[in-house]
Amino acid sequence: MALVPGDLQEVAPGVRRLVAPNPGRMTGPGTNTYLIGVHRVVILDPGPAIDVHIDRLTEAVAGAVVEAIAVTHTHLDHSPAAGPLARALGAPRVGLRPRWPDHQDPGFVPDQLAIDGLVLQTDAGPLVSIETPGHASNHVCWWLRSLGMIFTGDHILGTTSPVISPPDGDLAAYLRSLERLTTVEATHLAPAHGPLLAEPERVIDALLRHRRAREARVLECLSKLAPSRLDALLVEVYRDVDHGLHDVARHSLLAHLLKLRDEGRVLLDHEHWSLR
Ligand SMILES: [Zn+2]
């Protein structure tokens, strides 16, 4: 199924996906907004506040009871449409408050907090929140047990490995959150960008291996270059990554270094990193 903005597609019985018209380098084909349930609906990750997208969502839920406008986190491509939709549909906004409000949606104020284990009712089955900090400190995944589906937001993406941007992003927390998802029974992952993913265990295992390999590369480069500034290290560690992506990779490298520092394995002194 192609991901085309404005095209409402049923991805599982009672679960529809509408791609927002915000394609880009960080958003892929655009943000996936999910409508979970048909007559009793939760709108998940309503996306950016773009009129045509909000209108399309409002049309799609006409005649249904909207239980909640829920979010996985409050980055700008996920939650800004929550306010206008909540007002238009008379539904509560459900999510967690951002801990570091910079670069987040300042307008998102939850009416109900998506604390771990919160249940939202839909006619496709109950939807349960799973706190998964890492990509963002206020990230939650949502589990639709009846269909074996986890809505993974930006914690697990359809095509790329998520960016971890400190201080709100935290790599150690991210890895713990990934491991936690392996204990949740599911057959499919529904990310906020890109297509549905089958075989969750294989997907999560690949992500964990990718991060471990990158960490090993960080340590190997440090053993050669240390003491090294972040930017010198960046060029070496991400040799395999297109130069145009280095500004994004810089965040992930810092996330790796901060994790290693917290573990007592590297040192930061006057902006120079070295092995401990
Ligand atoms: Zn995000």
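The values are calculated or read from the model by the stated rules, or taken from the named source; none is laboratory data. For clarity, every value in this text was computed on a predicted model and none was experimentally measured. Note that each Cβ is placed from the backbone with ideal geometry, even for glycine, and that neighbours are counted across all protein chains shown. Heavy atoms of the whole protein, side chains included, go into the accessibility calculation; ligands, DNA and RNA do not. Shrake-Rupley method; radii C 1.70, N 1.55, O 1.52, S 1.80 Å.
Values as computed for the structure displayed
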{"read-out": "Selection status of residue 211, open to solvent by less than 30 Å² (accessible area, probe 1.4 Å) and among the charged types (D, E, K, R)", "value": "yes"}
{"read-out": "Selection count, segment 1-23, where residues are open to solvent by less than 50 Å² (accessible area, probe 1.4 Å) and either closer than 20 Å to residue 189 by Cα or not in a loop (DSSP other than H, G, I, E, B) (or both)", "value": "11"}
{"read-out": "From the options 196, 207, 189, residue that is more than 13 Å from the chain's Cα centre (by Cα), under 19 Å from residue 42 (Cα atoms), more than 13 Å from the ligand (Cβ to nearest atom) and not acidic (Asp, Glu)", "value": "196"}
{"read-out": "Extreme residue, modelled with the lowest pLDDT, among residues of segment 131-175 that are of a type in the set (Ser, Thr, Tyr) and within 15 Å of the ligand (Cβ to nearest atom)", "value": "159"}
{"read-out": "Residue within segment 41-49 that is within 23 Å of residue 138 (Cα to Cα) and open to solvent by 10 Å² or more (accessible area, probe 1.4 Å) present", "value": "yes"}
{"read-out": "Segment 197-221 residues that are free of Cβ contacts under 8 Å to residues at least 24 places away in the same chain, paired with ones that are open to solvent by less than 30 Å² (accessible area, probe 1.4 Å) and part of a helix (DSSP H, G or I) (beta carbon under 8 Å, 6 or more apart)", "value": "217/237; 221/233; 221/237"}
{"read-out": "Index of the failed condition, residue 242 passing every other in (1) open to solvent by 40 Å² or more (accessible area, probe 1.4 Å); (2) within 20 Å of the chain's Cα centre (by Cα)", "value": "(2)"}
{"read-out": "Qualifying positions in segment 66-123 - β-branched (Val, Ile, Thr), open to solvent by 30 Å² or more (accessible area, probe 1.4 Å) and touching a strand residue (DSSP E or B) at 6+ places or on another chain (Cβ under 6 Å)", "value": "119"}
